[in-house]
Amino acid sequence: MDIRKRVDGTERQLSTFGEGELLGEMALFRKAPRSASAIAATDVELLIIKNERLDWLIRNRPQLTIEILKRLSEWVVATDRERGERSGRS
């Protein structure tokens with residue numbers, strides 16, 4: 001599944017997800033609409049988790065919480081790296 005976002009009029013692929021991966025958590029944590037689109041190349045089955053359920057899972061399933069924290073940390077590092085590469089080209 002590709003995660004894409006329109007930036008400056010051009011659709012850009014942000015990442016690719018595999019089976020069992022969590023997506024959309026940023027919008028849930030921010031209580032905001034999603035900022036990107038998920039495009040599936042094949043048939044997929046999605047488990048929709050509402051905000052209240054995510055709160056419960058985070059409090060009661062520490063392994064899920066660890067996985068979310070790892071994912072968010074990787075996202076921050078990748079974003080910082082990308083910003084550094086862009087500022088190096090200026």
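Only aspartates and glutamates eight or more places from Lys70 in sequence, or on another chain, were considered; those with a Cα closer than 14 Å are Glu21, Glu25.
Rolling a 1.4 angstrom probe over the protein heavy atoms, how many square angstrom per residue are accessible across the chain? Before the final figure, lay out each step's value.
Values: 7550 Å² over 90 residues.
That works out to 84 Å² for each residue.
The relative contact order of the chain, computed from alpha carbon pairs under 8 Å that lie at least 6 residues apart in sequence, is 22 percent. Ignoring lysines fewer than eight residues from Lys50 along the same chain, the ones with Cα atoms less than 18 angstrom from its Cα are Lys31.
For the chain, which whole-number percentage of the solvent-accessible area (1.4 Å probe, protein heavy atoms only) is attributable to carbon and sulfur atoms?
Values: 3920 of 7550 Å².
Carbon and sulfur: 52 percent of the exposed surface of the chain.
The share of C-alpha pairs in the chain whose separation exceeds 14 Å stands at 74 percent.
Angle, helix 62-89 long axis vs. longest principal axis of the chain, Cα atoms, 0 to 90°, nearest 10? In the chain, helix 62-89 runs at an angle near 10 degrees to the longest axis.
The values are calculated or read from the model by the stated rules, or taken from the named source; none is laboratory data. None of these values were measured; they are calculated from a predicted model. Note: areas computed on protein heavy atoms with side chains; ligands, DNA, RNA excluded. Shrake-Rupley method; radii C 1.70, N 1.55, O 1.52, S 1.80 Å.
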